Amino acid sequence: MTTIETSSTAVEPAAGEVVTVADHQHVHLRSPLSLKRHPVVLEERARRAASLQLRIADGITAFAGSMHFVYLHIALFAVWMVLLESKPWPTLTLIVSLEAIFLSTFVMIGQNRQAAFQQAKADHDFTEQELELKTNTELTREIHRLTTELHRRVIENPAR
């Protein structure tokens, strides 16, 4: 269940209840402490935390995908074009081209990482679903066996 905290109160909605917060109060949505993570997510986090190379790639990708990155480049390009180099900015063009090569590489690294993660998650889910199906099949067979036995006892031996 999600708890909605406002600046003055905390409200826990009942099942199916819709809660609105009036007066434009500051709202924080808290996830429950017992929020469970998918086992593949936990494994991937541990694997990425253990590798310096992967932590660096994650940091670069996170920064390059942020608005801070955009603002920094706007400022740097403006300063470069106004103060450092005259038209047609040949060095700036070279630097921007090299940066684009590296950033596209980080995008591909991120896409490959995401594809591998999704495959690991799908494999895990498939294994779990197969186990669930096997368990359900065994339970259904046992229920059928017990129902047949109960039916036999009640119908064939009603005097007991």
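The selection criterion, being more than 27 Å from residue 120 (Cα to Cα), more than 18 Å from the chain's Cα centre (by Cα) and assigned by TED's automatic domain parsing to the domain that holds residue 118, holds for residue 92. Looking only at residues in segment 28-57 that are among the charged types (D, E, K, R) and modelled with pLDDT of 85 or more, which one is nearest to residue 118 (Cα to Cα)? That would be 43. Among residues that are closer than 24 Å to residue 48 by Cβ and out of contact with any His (no Cβ under 6 Å at 6 or more places or on another chain), residue 124 is included. For segment 73-121, a tally of residues being aromatic (Phe, Trp, Tyr), free of Cβ contacts under 8 Å to residues at least 12 places away in the same chain and part of a helix (DSSP H, G or I) returns 1.
The values are calculated or read from the model by the stated rules, or taken from the named source; none is laboratory data. Keep in mind that this is a model prediction, so the values were computed, not measured. Every residue, glycine as well, gets a Cβ built from its backbone with ideal geometry; the counts of neighbours run over all protein chains shown.
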